[in-house]
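Structure first, then comments.
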Amino acid sequence: MTQANSQASSILRDATKAIAITLTAATLHLTGCAGVTQDASLYRALGGEQGIARLVDRFVEEISYSEDIAPFFADTDPDRFREKLSEQLCNISGGPCEYTGDSMRDSHAGMSISEADFNKTVDLLINAMDKEGVPYPTQNRLLKRLAPMRKDIIYL
Ligand code: HEM
């Protein structure tokens with residue numbers, strides 16, 4: 001390699017390194033160092049940690065009133081359910097939480113939840129959101145993120 005060539009390739013290497021560092025810094029800035037790009041607007045629209053806690057409490061209350069759905073929860077520890085569901089809603093809405101519960105498949109296996117049971121449970125969540133004053137567009141955004149879980153919950 002000529003001296004000019006070697007100088008050019010060294011400049012190119014430095015420039016590439018600088019671009020890489022800038023991109024990494026930009027990524028870290030965007031993701032808050034979490035390593036995952038996330039948009040927290042739905043989390044905020046749900047009222048953040050407190051809004052989600054209120055919604056989960058209300059949902060548990062709605063479940064307890066339902067003759068069809070309450071029996072599924074007869075042996076469930078309500079504190080654990082509240083905690084794990086809150087984490088999950090926080091996580092899927094872009095909030096700063098990790099979901100530490102079981103997979104949807106594992107936690108619903110053996111319950112023989114039908115499509116009708118699933119739809120009734122979603123209706124209870126909608127009732128809870130209505131009572132908590134969650135606006136319809138926000139409700140729809142949350143329901144859209146929950147919908148893909150259906151296949152891991154019913155007929156197991
Ligand atoms: C999109 C809909 C649903 C979501 C996001 C969801 C989410 C969850 C979560 C996060 C847990 C806690 C898992 C853990 O303890 O690690 C859980 C548990 C449970 N879910 Fe669901 N669920 C849904 C639908 C349903 C339906 C339709 C039923 C019944 C009709 C149901 C019945 C239960 C029961 C009984 C438990 C407690 C299991 C236990 O005690 O170990 N879920 N669910």
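The values are calculated or read from the model by the stated rules, or taken from the named source; none is laboratory data. The structure displayed is predicted, hence computed values, not measured ones. Methodologically, a virtual Cβ is constructed for each residue, glycine included, from the backbone with ideal geometry; neighbour enumeration extends over all protein chains shown. Side chains included, ligands, DNA and RNA excluded: accessible areas come from the protein's heavy atoms. Shrake-Rupley method; radii C 1.70, N 1.55, O 1.52, S 1.80 Å.
Counting only protein chain heavy atoms and rolling a 1.4 Å probe, the accessible areas of 84, 144 rank, largest first, as 144, 84.
Taking a ≥ b ≥ c as the square roots of the Cα gyration tensor eigenvalues, with a/c under 1.5 meaning rounded and otherwise prolate when a/b beats b/c, else oblate, which class fits region 37-150? Prolate, since a/c reaches 1.5 and a/b exceeds b/c. Could you compute the net charge surrounding residue 42? Neighbours are other residues with a C-beta less than 9 Å from the C-beta of residue 42; K and R count +1, D and E count -1. Cβ neighbours under 9 Å give a net charge of +2. Summing +1 for each Lys or Arg and -1 for each Asp or Glu among the other residues whose beta-carbon sits under 10 angstrom from that of residue 69 gives -4. Spin-label pair residue 98-residue 80: with each label point 7 Å from Cα along the Cα-Cβ axis, the two points sit 1.9 nm from one another.
Taking only protein heavy atoms and a 1.4 Å probe, the accessible area of region 41-152 is 50% carbon and sulfur.
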